[in-house]
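Trainee: I'd like to ask you about the structure that follows.
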Amino acid sequence: MAKIGFIGLGRMGRPMAGNMQRKGFSLLAYDIVHEPVQELVALGAGAAGDIAELSAQCPIIITVLPSHAEVEAVILGEGGVMANAAAGTLVMDMSTVDPASTDRIAAALADAGMRFVDAPIGRLASHADRGESLFMVGAGDEDFETVRPMLEAMGSDIHHCGPPGSGIRTKLVNNYLAITSCQMNAEALALSQRFGLDLNKTLDVIHGTTATNGQLKINYATKVLSGDTEPGFQIDLAHKDLSLVMGAANAGQVPMAIGAAARESLSMARARGWGPRDFSALLDALCETAGLEKVRFD
């Protein structure tokens, strides 16, 4: 079996690569941090000395990286994937990036005789650990069928959203709703705390009406309201993603007043040191600002 290159073993990439290796795929891994590569080696994967070495050996290469700057450097840069991979190589980027960057990469790879898929990741790091991620895939039909078994090894829900570039655009729409809902929930629960309302009774009412939402019912219940703000999705990353949304919306002349306000709330939380916490901790940040006790289940 030809090795699949996997570049980027951070909080999301590490468990996803591990799930692929455990489920029968043969990986050649690279990360600028040594320790997660060695974890994969212990599972049977190979370790590449650099991106050029990995690119020359792998007909399929997966990238999971922090931002479009890293993605463009790894794929298009000197010593990167495009400069060292063979014609026909398929590159699947799973990062959350600027859609314009995705379009540039797809066009450059096509000009070089290579193929491109964008498949950003939905859900949280805990889902990646369990192999329950959701993927929004932008790909041609044939390329989608090529990557589907790999995505099935890493996740449980796979959506073919259209041609390259449609995956990241779907991800931004999804994250816009998730992040702004998180801010809205923080404000609503902080207000309930100021009113002195019983949390469980208030949630019973909300969940019985159209005011309910997945962030409040699932993420808030298992994270901040239970006293857990260890990051599944950091406030810093939520701010990054919402900034991508606002940039893309501005480029498309789509006004997003709620998004602008939510991003500034995230900026204020980051300025007060909450950036590394889970984005449900926006509730704690707001309570701190308002001089309220943290809202928790009894």
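Trainee: May I ask you to list the residues in the range 169-211 that are loosely packed, with under 14 Cβ neighbours inside 10 Å and of a type in the set (S, T, N, Q)?
Mentor: 200, 209, 210
Trainee: Does residue 240 meet the test of being crowded, with 19+ Cβ neighbours inside 10 Å, within 24 Å of residue 66 (Cβ to Cβ) and basic (Lys, Arg)? First the steps, then the outcome.
Mentor: On the way: crowded, with 19+ Cβ neighbours inside 10 Å: no; within 24 Å of residue 66 (Cβ to Cβ): yes; basic (Lys, Arg): yes.
No; evaluated as a whole, the condition is false for this residue.
Trainee: Filter the range 201-221 down to the residues that are outside any helix (DSSP H, G or I) and free of Cβ contacts under 8 Å to residues at least 24 places away in the same chain, then identify the one that is nearest to the chain's Cα centre (by Cα). Can you show your working first?
Mentor: At the first step, the residues of the range 201-221 found to be outside any helix (DSSP H, G or I) are 208-213.
Adding the requirement that they be free of Cβ contacts under 8 Å to residues at least 24 places away in the same chain leaves 208-212.
Values: 208: 30, 209: 30, 210: 27, 211: 26, 212: 24 Å.
Here the answer is 212.
Trainee: List the pairs whose first member sits in the range 277-297 and is surrounded by fewer than 17 Cβ atoms within 10 Å (Cβ to Cβ), whose second member is of a type in the set (Ser, Thr, Tyr), and whose Cβ atoms are under 7 Å apart, counting only residues at least 6 apart or on separate chains?
Mentor: These pairs meet every condition: 297/226.
Trainee: I've got another one for you. Please report, ordered by residue number, the helices (runs of 4 or more DSSP H) entirely within the range 12-124 with at least 2 residues that are over 30 Å from residue 231 (Cβ atoms). Don't jump to the end; show me each part of the working.
Mentor: Details: elements: 13-22, 34-42, 51-57, 68-76, 81-84, 99-111.
So the answer is 51-57, 81-84, 99-111.
Trainee: From the list 259, 232, 252, 275, which one is of a type in the set (Gly, Ala, Ser), under 15 Å from residue 172 (Cβ atoms) and in contact with a helix residue (DSSP H, G or I) (Cβ under 9 Å, 6 or more places away or on another chain)? Spell out the reasoning first.
Mentor: On the way: 232 fails: under 15 Å from residue 172 (Cβ atoms); 252 fails: in contact with a helix residue (DSSP H, G or I) (Cβ under 9 Å, 6 or more places away or on another chain); 275 fails: under 15 Å from residue 172 (Cβ atoms).
Selected residue: 259, the only one of 259, 232, 252, 275 that is of a type in the set (Gly, Ala, Ser), under 15 Å from residue 172 (Cβ atoms) and in contact with a helix residue (DSSP H, G or I) (Cβ under 9 Å, 6 or more places away or on another chain).
Trainee: Out of 143, 93, report the one residue that is farther than 30 Å from residue 279 by Cβ, among the charged types (D, E, K, R) and outside the structural domain of residue 244 (by TED's automatic domain parsing). Quick ask: steps written out before the conclusion?
Mentor: On the way: 93 fails: farther than 30 Å from residue 279 by Cβ.
Result of the check over 143, 93: 143.
Trainee: Moving to a separate point now. Would you be able to say whether some residue in the range 183-200 is at pLDDT 95 or above, of a type in the set (Asp, Glu) and in a helix (DSSP H, G or I)? Outline the logic, then answer.
Mentor: Here is the first cut: in the range 183-200, the residues at pLDDT 95 or above are 183-200.
Checking which are of a type in the set (Asp, Glu) leaves us with 187, 198.
Retained after the next criterion (residues that are in a helix (DSSP H, G or I)): 187.
Yes.
Trainee: Select, from 194, 148, 169, the only residue that is of a type in the set (D, E, K, R) and touching a Leu at 6+ places or on another chain (Cβ under 9 Å).
Mentor: Working: 148 fails: touching a Leu at 6+ places or on another chain (Cβ under 9 Å); 169 fails: touching a Leu at 6+ places or on another chain (Cβ under 9 Å).
So the residue among 194, 148, 169 that is of a type in the set (D, E, K, R) and touching a Leu at 6+ places or on another chain (Cβ under 9 Å) is 194.
Trainee: I'd like the residue in the range 7-50 that is over 22 Å from the mean Cα position of the chain (by Cα) and buried (at least 23 other Cβ atoms within 10 Å of the Cβ) and, out of all such residues, is farthest from residue 130 (Cα to Cα).
Mentor: 48
Trainee: Just checking, how many residues over the range 270-283 are in contact with a Phe, Trp or Tyr (Cβ under 7 Å, 6 or more places away or on another chain), in a helix (DSSP H, G or I) and not hydrophobic (A, V, I, L, M, F, W, C)?
Mentor: Here is the first cut: in the range 270-283, the ones in contact with a Phe, Trp or Tyr (Cβ under 7 Å, 6 or more places away or on another chain) are 278-281.
Imposing the further condition that a residue be in a helix (DSSP H, G or I) reduces the set to 279-281.
Now restrict to residues that are not hydrophobic (A, V, I, L, M, F, W, C): 280.
Residues flagged as in contact with a Phe, Trp or Tyr (Cβ under 7 Å, 6 or more places away or on another chain), in a helix (DSSP H, G or I) and not hydrophobic (A, V, I, L, M, F, W, C) within the range 270-283 amount to 1.
Trainee: For residues that are modelled with pLDDT of 95 or more, over 9 Å from residue 154 (Cα atoms) and of a type in the set (Gly, Ala, Ser), tally how many sit in the range 126-140.
Mentor: 3
Trainee: Another question, if that's okay. What do you reckon, is residue 144 closer than 28 Å to residue 234 by Cα, without any contact (Cβ under 8 Å) to a residue 60 or more places away in the chain, buried (at least 17 other Cβ atoms within 10 Å of the Cβ) and of a type in the set (Phe, Trp, Tyr)? So that I can check it myself, show each step before the final result.
Mentor: Values: closer than 28 Å to residue 234 by Cα: no; without any contact (Cβ under 8 Å) to a residue 60 or more places away in the chain: yes; buried (at least 17 other Cβ atoms within 10 Å of the Cβ): yes; of a type in the set (Phe, Trp, Tyr): yes.
When the stated conditions are applied, residue 144 does not pass them.
The values are calculated or read from the model by the stated rules, or taken from the named source; none is laboratory data. Fair warning: this is a prediction, and the values are worked out from it, not measured in the lab. Here Cβ is always computed from backbone atoms with ideal geometry, including for glycine, and neighbour counts include all displayed protein chains.
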